[in-house]
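A short reminder: the numbers here are calculations on the coordinates, not readings from a lab. Since we're looking at a predicted model, the values are computed, not measured. Backbone-built Cβ (ideal geometry, glycine too); neighbour counts: all protein chains shown.
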Amino acid sequence: MSTTTTAPSAGTATQAAPSTGMRFTGWAANYIDERTSASTAVKTLGRKIFPDHWSFMLGEVALYSFIVILISGTFLTFFFDPSMTEVEYSGSYVPLQGIPMSVAYHTALDISFEIRGGLLMRQVHHWAALLFVASVALHMLRVFFTGAFRKPRELNWVIGFLLFVMAMALGFTGYSLPDDMLSGNGLRIIDGMIKGIPVVGAWISYLFFGDEFPGTQIIQRLYILHIMLLPAITIALIGVHMLLLIVNKHTQFAAPGRTNDNVVGAPVMPTFAAKAGGFFFIVFGFIVLIASLFTINPIWNYGPYDPSPVSAGTQPDWYIGWADGALRLMPPNLDWVIFGYTLPMGVLIPTVVMLVFLALIAVYPFLEAWVTGDKREHHIAERPRNAPVRTGIGAAAVVFYCGLWAAASSDLIATHFRVTLEGVIHTLQFITVVGPFIAYWITKRVCLALQRKDREMALHGFETGRIVRLPGGEYIEVHEQLDDYERWKLVAHDEYQPLMIRPDDNGRITVRQRVRAGLSRWFFEDRVAPVTQREIEAQKH
Amino acid sequence: MAITSPASPRRSGRRHPLATAALLIVGLLATGGAYALATSTATAETTAHTAEMVEEGGKLFAANCASCHGILADGTAAGPSLIGVGALAVDFQVGTGRMPMAASGPQAEVKPVQFSQEQIDAMGAWVAELAPGPAIPAERYFAGDGDVANGAELFRINCAMCHNVAGAGGALTEGKYAPGLANIDPIHVYGAMVTGPQNMPVFSDMNLTPEEKNDVISYLRYIDENPSVGGFDLGSLGPVSEGLFIWIFGLGGLVAVTVWLTAKSN
């Protein structure tokens with residue numbers, strides 16, 4: 001009884017003297033809540049749980065580098081003028097003095113040489129852009145290889161894919177703006193690819209450039225795309241992406257207590273928010289550190305754009321590299337001439353192949369769902385080894401992409417590794433065409449082998465390295481059982497089986513059914529059965 | 001001009017029968033004169049070769065070069081004829097260590113120079129005696145005090161497609177390459193432009209005048225003396241080294257941070 005009497009008195013003691021600050025906070029919170037009902041949102045959002053794993057922070061890196069891009073980009077717009085009017089350079093960089101150039105290039109040079117802090121901001125912007133696309137790509141790979149795109153997150157995968165495309169588009173329009181020789185050469189390649197489209201190519205090119213290439217319009221048009229339309233779309237997509245992330249909840253890796261029906265981790269308020277806020281500043285600081293120490297895109301080296309010269313070692317930024325590489329890898333002399341019109345297959349085939357590749361990435365979740373016939377919700381991130389075919393497909397795609405990507409630097413590979421350019425091209429052609437199949441096969445085998453190892457570990461424990469001689473003279477290595485927490489990770493996955501071919505209502509088996517069954521067999525024919533409870537029990541006795 | 005305009009009022013509209021021939025003579029004289037003028041500017045002030053030097057050079061040649069280029073320097077299956085290449089070619093090839101070659105390969109590599117400058121000059125004198133060819137120019141043509149902006153523009157137009165805008169070098173076919181141009185002795189840059197060693201085209205004085213060559217040399221000197229303003233230049237190789245850097249050190253570093261941040265959570 002004594003405790004119940006003391007408790008209210010302690011309560012009244014604290015209530016008696018709230019500080020001015022506390023009173024103001026309480027009043028302000030109440031004021032806002034009465035007018036916006038914000039407490040509901042804060043309650044829901046604040047109690048949102050985010051699981052902890054390093055790979056779950058890659059998307060955060062992308063988000064934070066995007067914020068850095070927005071901030072530094074805003075600074076750049078204050079001083080950049082996207083006009084293509086010709087002026088004579090009068091700035092402080094000696095090797096360009098008196099050279100005619102566009103206002104765009106002049107102001108880009110001024111940002112680098114005349115504006116205080118301008119060069120740092122330019123380098124922050126550009127490095128952050130490279131980091132943004134790289135982290136988006138790595139984030140995508142994480143989502144793919146852990147199967148986090150499965151129901152109910154297929155739509156968010158598609159939005160993420162669109163963000164990847166937006167990131168590439170933002171990057172391309174961005175590095176084309178300074179109107180230096182490198183960016184002009186990049187635009188020339190795009191112009192060539194557009195003109196390569198049968199029938200409409202030349203019209204589209206003239207519409208886009210407003211004239212014969214390069215014209216006097218393109219920088220202004222790219223500028224509007226780069227600072228208005230594309231960022232607006234990107235921000236909207238990021239908004240939806242985050243909203244769906246909250247609605248769908250975050251995936252987590254299986255562990256004791258972490259099931260398909262819960263999320264274990266830190267709540268947004270206060271732990272996760274504090275951590276994420278801190279991480280933002282780490283990313284920001286890291287980018288500024290890189291930008292202050294390492295130069296990027298030294299536009300003053302390249303000189304103003306002039307359609308005639310092309311520098312050795314002309315490459316696009318890394319995320320467009322695979323497109324450049326695709327053009328470099330195409331064998332020559334494939335053009336078709338039809339009624340006097342040339343179809344430049346050396347340009348068309350890479351364009352089509354790249355579009356198909358992108359489309360496959362976009363629709364993969366739907367393809368896999370159809371093939372597996374799996375309509376369940378999945379909130380557990382799968383270990384890549386437990387989905388051997390998917391992991392194999394992913395590895396094949398990575399090898400294909402990297403083959404094209406490496407091809408964009410074929411000349412630098414040749415000079416730096418002292419091999420012939422032709423040898424590099426032929427090797428990369430092989431890697432791009434045959435490599436994916438080899439990568440698929442090896443990856444799938446490795447995954448199955450790792451599954452067998454896991455099974456072995458779950459049932460018989462791990463090898464301790466302790467050799468014991470039995471009384472009969474036999475030597476054995478002592479195995480030690482895993483504890484239940486460790487074992488959980490090895491046994492907590494589903495088993496899939498190939499779909500059966502079933503006749504439809506009319507008693508027929510359609511081609512669609514056969515294709516689906518065939519693909520399903522391809523996915524799940526080779527499999528290692530997960531350890532069952534009974535097997536573990538049997539092992540214990 | 002009097003010869004070329006013989007048209008009188010009475011024969012207006014008709015050319016004099018000799019007009020074409022006269023015009024041709026004037027044209028040829030002008031071109032020839034200009035050519036002689038242009039070539040003489042580059043070759044006028046050359047170092048005189050003494051008979052002693054020539055004799056010394058002949059001995060050095062016979063001992064070090066003749067096995068590939070032939071005892072008469074008229075070439076063999078292993079090496080080209082050197083008749084008419086001039087002292088400048090010798091200065092470039094031997095002065096950069098490219099000659100004598102250590103081994104056959106796609107192209108002669110730069111390596112430590114094998115001879116003293118006197119020996120190189122002697123061999124140059126001997127080769128120059130065989131037949132006239134590009135000689136060592138006066139120092140003011142490679143002093144590097146010319147118009148840097150003009151040199152940079154000429155470099156972008158004429159040199160950058162092989163040597164890269166920042167002179168970082170680039171790949172050619174079949175294992176050949178255009179070397180990087182950082183910290184090269186100006187006379188060797190001049191010599192390369194005039195003699196066109198290996199895969200490099202010849203930039204004659206009609207193409208780039210000696211003054212323009214000096215401008216190009218001035219630009220290269222500017223790059224050497226003014227290191228990258230934006231920080232480490234990552235080899236001036238452009239987006240490839242930038243991309244590798246951001247993946248390995250940028251994203252790699254941040255992934256390390258994420259691993260660190262979540263390390264103790266389990």
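Points worth noting:
- Estimated FRET transfer efficiency when R0 is 41 angstrom, pair A:Tyr341-A:Val363 (beta carbons, to 0.05): 0.80
- Only aspartates and glutamates eight or more places from A:Lys275 in sequence, or on another chain, were considered; those with a Cα closer than 14 Å are A:Asp52, A:Glu60.
- Applying 1/(1 + (r/R0)^6) with r as the Cβ-Cβ distance of B:Ile248 and A:His416 and R0 = 22 angstrom yields a FRET efficiency of 0.90.
- Sparse-neighbourhood loop sites, trypsin sites (Lys or Arg not before Pro) in region A:23-87 - DSSP loop, at most 11 other Cβ within 10 angstrom: A:Arg47
- Straight-distance crosslink candidates among aspartates and glutamates, where the alpha carbon sits under 20 Å from A:Lys444 and sequence neighbours closer than 8 are dropped: A:Glu368, A:Glu382, A:Asp454, A:Glu456, A:Asp494, A:Glu495, A:Glu525, A:Asp526
- Working note: 222 nm ellipticity from helices only, DSSP H runs with n ≥ 4, each -39,500 (n - 2.57), summed and divided by the residues of chain A, gives -20500 deg cm²/dmol to the nearest 500.
- Straight Cα distances below 12 angstrom link A:Lys453 to the aspartates and glutamates A:Glu463, with same-chain residues fewer than 8 positions distant left out.
- The charge dipole of region A:383-541, taken about its Cα centre with unit charges on the Cβ of Lys, Arg, Asp and Glu (plus for the first two, minus for the last two), comes to roughly 500 debye.
- Debye intensity ratio I(q)/I(0), log10, the protein assembly as shown, q values 0.05, 0.09, 0.11 Å⁻¹ (C-alpha model): -0.43, -1.05, -1.32
- Cα centroid separation, region A:247-275 to region A:372-434 (Å): 32
- Highest-first arrangement of B:231-244, A:100-113, A:126-139, where packing means the average Cβ count within 10 Å: A:126-139, A:100-113, B:231-244
- Loop-located chymotrypsin sites (Phe, Trp or Tyr not before Pro) in region A:286-357 whose Cβ has at most 10 other Cβ within 10 Å (DSSP): A:Phe339
- Inter-probe distance in nm under a simple model that places probes 7 Å from Cα toward Cβ, at B:Met200 and A:Ile189: 2.8
- Span-like helix ranges in chain A, DSSP H, alpha carbon extent 27 angstrom or more, Kyte mean at least 0.0: A:58-79, A:118-145, A:154-176, A:273-293, A:345-372, A:388-407
- When peptides B:89-101, A:455-467 are ranked by their average number of other Cβ atoms within 10 Å per residue, the highest-first order is B:89-101, A:455-467.
- Inter-probe distance in nm under a simple model that places probes 7 Å from Cα toward Cβ, at A:Glu477 and A:Val515: 4.8
- Selection from B:Pro201, B:Val255, B:Leu244, by position along the positive dipole direction of region B:186-266 (Cβ): B:Val255
- Take each peptide in A:377-386, A:308-317, A:521-530, count the other Cβ atoms within 10 Å of every residue, and average; sorted highest first, the result is A:308-317, A:377-386, A:521-530.
- Region A:506-539 and region A:186-212: distance between their alpha carbon centers, rounded to Å: 49
- The label point for B:Ala19 and the one for A:Ser292, both projected 7 Å from the Cα toward the Cβ, are 7.7 nm apart.
- Long-range HN-HN contacts of A:Ala254 with modeled amide H, under 5 Å: A:Ala381
- Overall, the ratio between the Cα radius of gyration of region A:313-471 and 2.2 N^0.38 Å, rounded to two decimals, is 1.47.
- Take the Cβ atoms of A:Asp505 and A:Ile49, set R0 to 51 Å, and the FRET efficiency comes out at 0.70.
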